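Heads up, the thing below is written out as structure tokens.
We did not get these values from a lab; they are worked out from the coordinates using the rules stated. All of these numbers come straight from a predicted model, not from anything done at the bench. A quick note on method: Cβ atoms are made from the backbone with ideal geometry, for glycine too, and the neighbour counts reach across all protein chains shown.
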Amino acid sequence: MISINDYLDKILEDFKEYAQSGEKLCKLKDVRFDAGRLPDYSDKNVQQLYLLRYAYAYTFEYKRMYQDLMALLKNKSQLSVTSIGCGSMIDYWSLTRVFPKSCDICYIGVDVIDWNYKLNGRGKDKVTYINADFVDLISRHAIIPTDVYIFPKSISEFSATAIFRICVELSSLIPDRKPVYFLFSLRSKSASQQIDISKTKLLHKTMLNLGFTSNDDPESFSNFEGEEKDKKIYKVDSSFSHPTDVVEFLVNTLPACCTHYDESSCDNSCKQKLRWWPILSCSQVNYQIFKFVKEA
């Protein structure tokens with residue numbers, strides 16, 4: 001498959017064309033999702049900036065998460081995964097970096113937004129992208145059961161009612177005594193992370209109430225701590241390399257691309273707000289894995 005840096009460079013080409021077109025860049029100043037914020041992911045340019053800023057770190061996080069999953073599954077020759085809120089399917093990229101080519105992968109990506117820059121599947125994998133609301137999809141029984149359900153930085157977007165609905169519908173699909181795994185990547189800011197964990201705890205509790213067993217602690221999660229947290233990803237995982245062109249453009253070139261600056265109507269720090277550092281360290285790695293088994 002394409003390397004993550006080549007993938008980002010292709011997005012960067014399109015983003016440069018937009019940023020240097022002379023259009024106003026105001027919509028790029030608030031592309032973040034902390035403290036309950038939600039960017040307009042339906043906007044192609046917002047998608048571009050989001051992926052350029054976060055995809056590098058998120059693919060590393062998802063790779064670590066899938067490595068932990070592989071250790072639990074041991075020598076599995078087939079794996080089916082449903083990615084809920086999959087975006088451009090960058091977690092699939094991470095999946096292919098962990099599970100061997102001999103493993104047959106069935107990957108279903110579901111997202112309410114029809115994302116650009118979706119990754120292509122490997123030749124032997126069965127990869128499906130469904131542009132739909134997952135709760136609606138599962139309520140209509142329009143999706144097959146899989147071994148794994150992953151929420152890649154998306155659990156925050158589901159209400160308590162939606163989480164309960166997902167659990168109820170999945171409980172009717174999952175066979176007795178067959179292990180099923182739920183993976184959650186959590187936001188890194190403390191307040192946002194606690195909101196995410198409250199939702200994963202709700203899912204865990206609901207699954208137990210529906211007749212499933214689990215030995216996992218819903219309060220615990222995997223992350224990097226201390227000095228390890230600030231380490232650059234490429235120094236921890238040699239399969240990653242520093243995304244030089246992306247960093248250079250977002251940090252040094254993008255702020256100067258705004259040609260509409262007007263002291264009478266623009267904030268003094270307006271151009272400064274267009275300076276975006278891509279996430280390059282291990283600081284975004286925060287995830288949980290729950291294993292459930294349905295009692296007979």
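Here are some notes:
- If you take all other residues with their beta carbon under 15 Å from the beta carbon of VAL135, and give Lys and Arg +1 and Asp and Glu -1, the sum is -2.
- Taking amide H as placed 1.01 Å from N in the peptide plane, VAL127 has its amide H under 5 Å from the amide H of TYR107, each at least 5 places away in sequence or on another chain.
- Subtracting the Cα-Cα distance of ALA162 and SER222 from 0.36 nm times their residue separation leaves 19.1 nm of extension gain.
- FRET efficiency, ARG275 to ASN120 (Cβ-Cβ, R0 35 Å, nearest 0.05): 0.60
- Exposure proxy order (Cβ contacts within 10 Å, fewest to most) of HIS141, HIS204, HIS242: HIS141, HIS242, HIS204
- DSSP bridge pairs, the chain: antiparallel proportion in percent, nearest 5: 35 percent
- Unsatisfied cross-links (Cα-Cα over 32 Å) in the set LYS27/LYS124; LYS74/LYS118; LYS118/LYS294; LYS74/LYS235: LYS27/LYS124; LYS118/LYS294
- Taking 0.692 mPa s as the viscosity and 37 °C as the temperature, the Stokes-Einstein diffusion coefficient of the chain based on its alpha-carbon Kirkwood radius rounds to 162 µm²/s.
- For region 1-143: relative contact order, % (alpha-carbon pairs under 8 angstrom, 6 or more apart): 21 percent
- Gyration tensor verdict on region 148-296 (Cα atoms; rounded if a/c is under 1.5, prolate if a/b is larger than b/c, oblate otherwise): prolate
- Whether region 84-194 is rounded, prolate or oblate, judged on the alpha carbon gyration tensor where a/c under 1.5 counts as rounded: rounded
- Label point of SER214 set 7 angstrom out along Cα-Cβ; within region 75-113, amide nitrogens under 18 Å from it belong to 81-85.
- Stretch gain in nm, segment GLN67-CYS266, where the contour uses 0.36 nm per residue and the Cα spacing is subtracted: 67.0 nm
- Computed over region 7-129, the convex hull of the alpha-carbon atoms projects to a mean area of 8.4 nm².
- Relative contact order (%) - the chain, alpha-carbon pairs under 8 angstrom, separation at least six: 23 percent
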